[in-house]
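What follows draws every value from the coordinates through simple rules; no lab data is involved. None of the values given here were measured: they were computed from a predicted structure. Positions of Cβ are backbone-derived with ideal geometry, glycine not excepted, and every protein chain shown enters the neighbour counts.
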Amino acid sequence: MAGIYVHIPFCKSKCRYCDFASFSDKLCYAESYMACVYREMAKRKEELKNYSFNTLYIGGGTPSVIDESYIAMLVAAAKKNFNLSADAEITIEMNPGTVSARKIGVYKKCGINRFSVGLQTAVNSQLADLGRVHTLNEFVTCAKLLKGENFSADVMIGLKNQTAEDVEKTIETAAAFGASHISMYALTPEDGTPVYTDYLNGELPDGDEVAALYEMGVKRLKELGFDRYEVSNFAKKGKESRHNLNYWRRGEYIGFGVSASSCINDVRFTNTFDLDEYFKCILSDNFAVIDRQEIDKEGQEEEYIMLALRTERGIDTADYKSKFNADFAKKYSSQIKRLERFLSVDEKSVKIKPEHLFVQNSIIIEFFN
Amino acid sequence: MNSKNVRNFCIIAHIDHGKSTLADRLMEKTGQVSKREMEDQLLDSMDIERERGITIKLTPVRMFYTAKDGQEYELNLIDTPGHVDFTYEVSRSLAACEGAILIVDASQGVEAQTLANVYLALENNLEILPVINKIDLPSARPDEVKAEIEEVIGLDASYAPLVSAKEGIGIEDVLEAVIKYFPSPEGNTKAPLRALIFDSYYDNYKGVILFVRIKEGRVKSGDKIKTFRSDKIYEVVETGVFSPNLLPKDELSAGDVGYIAASIKSILDVAVGDTVTLADNPAPEPLAGYKKVQSVVFCGIYPLDGSRFNDLKEAILKLQLNDASLIFEPDNSVALGFGFRCGFLGLLHMEIIQERIEREFGLEIITTAPSVSYKVVKTDGETLFVDNPSHLPPQSEIEHMEEPIVKADIYSPPDYLGQIMDLCREKRGTFLQMTYLDKSRVRLEYDLPLNEIIFDFFDSIKSRTRGYASFDYELKGYERSKLVKLDILLNGEPCDALSMIVHEDSAYTRGRTLCENLKEAIPRQLFEVPVQAAIGGKIIARETVKAVRKDVLAKCYGGDITRKKKLLEKQKEGKKRMRSIGSVEVPSEVFMQILKTNKD
């Protein structure tokens with residue numbers, strides 16, 4: 001099974017931490033852009049005709065900022081060009097400040113069955129600090145519109161002046177208004193973003209403080225019935241994101257639109273990050289790929305380990321064997337021995353112990369060549 | 001050229017008094033290099049020399065000058081280092097010369113190394129020509145400095161040329177004085193060859209290049225030569241002079257300064273200070289060589305990647321050829337594996353060698369904290385010298401220990417006397433005497449334990465006197481002292497490479513500071529790491545490197561996978577730059593942390 005990703009690079013205003021391909025002043029190009037996306041999909045139709053897809057993920061940017069009719073056409077285009085299974089998980093990302101009852105109605109009608117809402121924090125001053133365009137109230141309104149739907153809320157930790165109570169309040173708000181899934185990320189100050197300046201000025205919590213917020217958050221989420229299935233992702237039973245699980249199992253996926261990435265047949269490729277360049281390529285009947293990399297066997301295995309160890313279930317040794325034709329515990333016996341305090345190993349799996357999941361990098365790199 | 005018209009000389013001075021700049025001007029004036037080719041500090045050809053603005057290696061150059069008497073002269077100049085650590089380099093160049101230009105800064109006057117270098121020159125029976133430099137500076141006081149030279153050194157400075165090497169003033173006066181006051185070389189060109197090797201280096205094509213001063217006889221290509229140290233015979237393939245690059249010349253004869261290439265492949269067959277002679281007509285006696293180098297500071301050098309031991313060995317052998325003051329022997333450490341114990345003339349010398357190994361040979365190395373050589377008298381009466389703390393016999397077998405003491409000369413304006421005396425007291429110094437050279441300058445003499453001054457004494461004295469004081473020292477002998485071995489334990493395991501020998505009174509402070517420094521320098525690991533200092537099994541200080549709590553890439557979805565993997569690979573690379581000591585990953589710089597005694 002494989003996934004489809006579509007990138008919508010528009011937003012109302014750029015958040016202070018954002019380093020994605022996303023433009024706040026180019027909404028007027030939405031129609032042309034979507035036309036190009038449909039065209040790009042059609043161009044991939046032949047090559048992917050033997051693939052079955054079971055997830056479609058519309059991300060951004062802010063997909064909810066463009067006219068809902070484009071989204072409906074997008075879902076239709078995906079269904080028309082690819083074998084998208086009838087029970088496919090179809091997710092759209094939304095900013096609580098850009099939704100309406102009408103929009104959600106259209107989304108549901110066209111087949112979207114999962115909503116990912118960027119709450120980030122329930123503290124209005126921190127929302128403003130991040131440059132988010134919405135308030136807590138708007139999230140509440142949005143959540144009410146999604147009542148009964150399968151929706152996820154994003155929560156950020158490690159914000160300027162953020163306390164444990166702030167994180168707790170954010171989690172509780174998301175849970176109280178019906179989220180069935182919560183992604184809890186540590187803010188990553190990327191070079192070139194305004195938040196990076198905050199980081200350089202020492203205004204952000206340090207690693208230990210973030211770790212404390214994380215541990216508290218994990219505990220509170222568990223109490224509220226959200227099980228961690230990946231280091232930053234928590235879900236009520238059966239509500240895990242299938243689309244994202246596919247990434248962590250090193251599954252195949254095809255991406256459309258500016259900056260979208262794909263991994264098909266052990267080749268990773270990425271589209272241009274430049275909107276004009278994307279238009280130019282698609283309109284001249286070319287693809288817009290700027291980077292293409294074949295992953296060799298060793299690279300595949302390292303990716304597999306790196307991604308699987310992010311998840312609660314870890315490395316499924318039977319799955320590993322079917323993919324790499326080797327016994328994981330045997331091949332990595334010296335690493336497993338050296339790291340035994342941090343790993344939990346049985347016949348079926350090798351995983352990082354829950355209490356060490358937040359220090360996984362130095363564990364993962366031990367398995368690299 | 002008639003040897004009457006040859007002058008072999010060097011330039012000596014305190015550091016920063018302008019040796020290399022004057023050498024540049026002399027070359028420019030004699031047309032050795034055109035103005036266009038002129039780079040500042042032409043003779044400082046090593047990258048490190050240019051970057052640090054110091055001369056490390058002696059560099060010879062030959063110049064021609066038509067003097068006011070209408071005759072043409074050949075002038076062989078050897079530029080020398082000024083830092084106290086490189087006295088050995090200076091002494092070698094002195095042996096190749098008849099005269100020495102002594103540069104004294106017109107505003108700073110006589111400094112510690114001015115004096116030290118003058119004594120060296122006098123020991124070698126050189127004629128000394130004082131030159132007052134930097135007379136263009138507003139603070140120049142040439143007359144007072146002349147008086148100081150006469151009073152402190154006892155040289156007649158009345159004829160000293162007044163110069164600004166920077167501005168090109170008085171350069172001709174220097175050249176004329178060189179011709180007038182320095183003797184021409186003597187030596188029988190008919191006698192059997194005797195050539196003193198004063199330097200050498202390894203050339204990938206020509207083999208070992210010997211820098212020689214021909215004292216007697218002559219040598220040309222095709223000659224069979226040998227040295228007194230080895231019986232191997234080599235055929236000379238090229239002789240030549242320094243211009244300053246190697247310039248072939250058919251023959252070298254008594255009085256000449258030049259080089260010999262003889263396809264010498266084995267670095268071990270030649271030694272600086274040895275004498276070259278002809279195989280079929282050997283001289284009966286070698287020339288007096290140099291005093292054996294006395295290493296002052298010792299440290300262990302290990303390859304970061306243990307499998308590169310042989311590359312490190314090759315590098316050290318080649319460096320020794322170029323730097324005879326570097327001594328070494330194989331060593332091994334429980335923590336660091338196979339490496340070398342090396343001896344240096346001082347801390348700067350040690351730093352330079354480390355840097356040269358890394359730069360010139362592309363090797364990454366770990367160096368352990370420097371130590372001096374202690375004398376250990378055992379209960380059974382045996383006496384041994386220990387420069388590696390991990391070779392110290394058990395406490396129960398030691399009757400007593402002695403440490404090296406130096407006599408230090410400190411020159412300073414009187415305003416800083418208090419600070420200097422405080423520093424010397426902190427460093428366990430014994431005051432000997434104080435002399436006023438004039439109103440503005442005082443000479444202080446102290447006895448100081450060498451292990452107190454090798455670390456940061458030089459920097460401390462500079463910072464406490466805002467750079468005004470100068471310092472030089474010579475070894476005096478050994479004195480009985482209460483010394484103990486301070487061990488460091490990482491995660492409960494002793495780490496031999498971090499052990500040090502310290503005075504009993506400062507052991508607690510050192511132990512504490514060291515643990516604090518190590519706590520900062522060792523990155524946090526997956527588990528908590530106790531860092532402890534111990535004396536003979538008794539723990540005297542402890543710090544804890546806390547376990548890392550966050551080490552995760554927050555998000556990782558479709559588009560991130562390649563980028564995130566690269567980040568992890570980078571982290572893995574960083575880890576390769578560390579050494580595992582037991583279960584603890586330690587960056588290579590940690591072993592130098594011992595150097596930092598306090599935070600000033």
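Here are the numbers:
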item: Rounded Å value of the spacing that divides the Cα centres of the stretch B:439-468 and the stretch A:77-139; result: 71 Å
item: Using a Förster distance of 22 Å, the FRET efficiency for A:GLU215-B:GLU520 (Cβ separation, nearest 0.05); result: 0.30
item: 19 Å Cα-Cα reach of B:LYS134 towards lysines, excluding residues that sit fewer than 8 places from it in its own chain; result: B:LYS19, B:LYS29, B:LYS146, B:LYS166
item: Cα gyration tensor, the protein assembly as shown - rounded (a/c under 1.5), prolate or oblate; result: prolate
item: Cα-Cα over 29 Å, subset of A:LYS236/A:LYS348; A:LYS49/A:LYS280; A:LYS239/A:LYS331; result: A:LYS239/A:LYS331
item: Computed label-point distance, nm, for sites A:PHE287 and B:LYS180 using a 7 Å Cα→Cβ extension; result: 8.5 nm
item: Rounded if a/c under 1.5, otherwise prolate or oblate - the stretch A:315-368, Cα gyration tensor axes; result: prolate
item: Sparse-neighbourhood loop sites, GluC sites (Glu not before Pro) in the stretch B:345-410 - DSSP loop, at most 12 other Cβ within 10 angstrom; result: B:GLU382
item: Sequence-distant residues sharing a close amide H with B:SER263 (under 5 Å, placed H); result: B:VAL237
item: Rounded tilt (10° steps) of B:309-322 against the dominant C-alpha axis of chain B; result: 30 degrees
item: Residue (of B:SER506, B:LEU526, B:LEU553) at the positive-pole extreme of the stretch B:477-600, dipole from beta-carbon charges; result: B:LEU553
item: Pair B:GLU504, B:PHE431: separation of 7 Å Cα→Cβ label points (nm); result: 2.6 nm
item: Cα centroid separation - the stretch A:328-369 against the stretch B:112-148, whole Å; result: 69 Å
item: Net length gained if the chain between B:THR189 and B:GLU569 were fully extended (0.36 nm per residue, minus Cα distance); result: 130.1 nm
item: Fully extended contour minus Cα-Cα distance, from A:ARG313 to A:ASP327, at 0.36 nm per residue; result: 3.3 nm
item: Neighbouring partner chain Cβ atoms per residue of B:566-573, average, 10 Å criterion; result: 4
item: Rounded to 5, the percent of DSSP beta bridges in the protein assembly as shown classed as antiparallel; result: 70 percent
item: Exposed chymotrypsin sites (Phe, Trp or Tyr not before Pro) absent: longest stretch of chain B, with sites in DSSP loops and at most 12 other Cβ within 10 Å deemed exposed; result: B:206-600
item: Shape of chain A, Cα gyration tensor, a/c cut at 1.5; result: oblate
item: Förster radius 51 Å - calculated FRET efficiency between A:GLU277 and B:ALA288, Cβ distance, rounded to 0.05; result: 0.10
item: Cross-link partners of B:LYS375 among lysines (Cα-Cα below 26 Å; sequence separation of 8 or more within a chain); result: B:LYS291, B:LYS292, B:LYS407, B:LYS427, B:LYS476, B:LYS482, B:LYS485, B:LYS538, B:LYS596
item: Theoretical gain in end-to-end length, B:LYS206 to B:SER243 [0.36 nm per residue, Cα-Cα removed]; result: 11.5 nm
item: Over chain B, relative contact order from alpha-carbon pairs under 8 Å, at least 6 apart, %; result: 10 percent
item: Simple spin-label estimate for B:THR383 and A:ILE264 in nanometres, 7 Å along Cα-Cβ; result: 8.5 nm
item: For the stretch A:315-368: relative contact order, % (alpha-carbon pairs under 8 angstrom, 6 or more apart); result: 33 percent
item: Per-pair calculated FRET efficiency, R0 = 51 Å: A:LYS169 and B:ARG512 via Cβ, rounded to 0.05; result: 0.70
item: Between helix B:347-361 and chain B: long-axis angle, C-alpha atoms, 0 to 90°, nearest 10; result: 90 degrees
item: In degrees, nearest ten, helix B:417-426 long axis to first principal axis of chain B (Cα); result: 50 degrees
item: Mean residue ellipticity (222 nm) of the protein assembly as shown, computed from DSSP H runs ≥ 4 via -39,500 (n - 2.57), nearest 500; result: -8500 deg cm²/dmol
item: Mean Cβ count within 10 Å, highest first, over the residues of peptides B:514-520, A:193-199, B:321-327; result: B:321-327, B:514-520, A:193-199
item: About the Cα centre, charge dipole magnitude for chain A (Lys/Arg +1, Asp/Glu -1 at Cβ), debye; result: 1300 debye
item: Among A:GLN126, A:GLN293, A:GLN162: highest mean-square fluctuation, GNM of chain A, C-alpha pairs under 10 Å; result: A:GLN293
item: Over the stretch A:2-247, relative contact order from alpha-carbon pairs under 8 Å, at least 6 apart, %; result: 18 percent
